[in-house]
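Peer 1: What follows is a single structure, and I will ask about it in a moment.
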Amino acid sequence: MNFYAIRAIYLFEMARTWRTLMQSIASPVISTSLYFVVFGSAIGSHMVEIGGVSYGAFIVPGLIMMALMTQSISNASFGIFMPKWSRTIYEILSAPISYVEIVLGYVGAAATKSVILGLLTLITARLFVSFEIAHPLWMIFFLLLISITFSLFGFIIGVWAPSFEKLQIIPLMIVTPLAFLGGSFYSISMLPPFWQKVALANPVVYLISGFRWSFFGVADVHVGISIGMTLVFLTICLTIVWLIFKTGYRLKS
């Protein structure tokens, strides 16, 4: 394992974050804070408790999860897209490093940024609403697992996207709607029976449900199913990344 190569890619990507601190960290935290102000304070004060949890606290895991997913995808996709766009990807591919080391560098940096953002969002949420974390170790586990999984997904999007415009299609047109419909602001148990079954087809439901369980011990689906679904998505992403490097898809042409 070439740790020097992994470290070089990792530090380069992290340095880009510190150069664009306002865009990379401050902007997502401020945007999420607005959700807490509007939904947690203004609307939440008129909402009933959900599963014994105040509405303001109930939406905290969902908002953190939304920020985690979108930023993991954004960081990882942009990180690999820029070398592709500038043609410097050929220097990386011709260097004496394996595809595993390349992925570890880019995905590791993207996941690190997302975890930092998730923790900052958690601290920010504590300023607006009062809550306790029932299972802190499980919370950290979900935080790391989902950051890595969606960073891999973002890496795939960055390789696939032929332009800056298409780089945003999947996050804006697919991931964000699924996050809003996945129980970020409500429990799917509040839906009519038919729509509850429809909601279970949304993979984001399992992620948010498991993450919310780590906070309050309440969930829409069993936590074991949430972990299993996340691991399935992680396995699919790993398989696609392996195929990308095996075939050279949009990297060597």
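Peer 1: Please report the relative contact order for the stretch 66-147, taking Cα pairs under 8 Å with a sequence separation of at least 6, and give it as a percent rounded to a whole number.
Peer 2: Details: 36 pairs, mean separation 40.8, N = 82.
The normalised contact order for the stretch 66-147 reaches 50 percent.
Peer 1: Rounding to the nearest 10 and keeping the result within 0 to 90°, find how far the Cα-based axis of helix 99-128 lies from the longest principal axis of the chain.
Peer 2: Value to nearest ten degrees: 30.
Peer 1: Under 27 Å between C-alpha atoms is the cut-off here; go through the stretch 3-247 and count lysine pairs that meet it, provided they're at least eight residues apart or on different chains. Mind dumping the intermediate values first?
Peer 2: Working: LYS84/LYS113; LYS84/LYS166; LYS84/LYS246; LYS113/LYS166; LYS166/LYS246.
Lysine pairs meeting the criterion: 5.
Peer 1: Please list 3J(HN,Hα) in residue order for the stretch 197-209, calculated via the Karplus relation 6.51 cos²θ - 1.76 cosθ + 1.60 where θ = phi - 60°; whole Hz, with x for glycine and proline.
Peer 2: 5, 5, 4, 5, 7, 8, x, 5, 4, 5, 5, 5, 4
Peer 1: Let me ask something additional. If amide hydrogens are placed 1.01 Å from N in the peptide plane, which non-local residues have theirs closer than 5 Å to the one on VAL53?
Peer 2: none
Peer 1: Also, quick follow-up: Tell me which of SER54, GLY105, ILE225 sits at the most positive position along the dipole axis of the chain, charges placed on C-beta atoms (Lys, Arg +1; Asp, Glu -1).
Peer 2: GLY105
Peer 1: Follow-up question, since we're still on this one. Go through ILE148, PRO96, LEU181 and say which Cα lies farthest out towards the positive end of the charge dipole of the stretch 3-247; charges sit on Cβ, +1 for Lys and Arg, -1 for Asp and Glu.
Peer 2: PRO96
Peer 1: So how tilted is helix 3-19 from the main axis of the chain? Cα-based, degrees 0 to 90, rounded to 10.
Peer 2: Once rounded, the angle reads 60 degrees.
Values in this text are rule-based calculations from the coordinates and carry no lab data. This structure is a prediction, so every number in the text was calculated from the model and none was measured. Please note: Cβ atoms are built from the backbone with ideal geometry, for glycine as well, and neighbour counts cover all protein chains shown.
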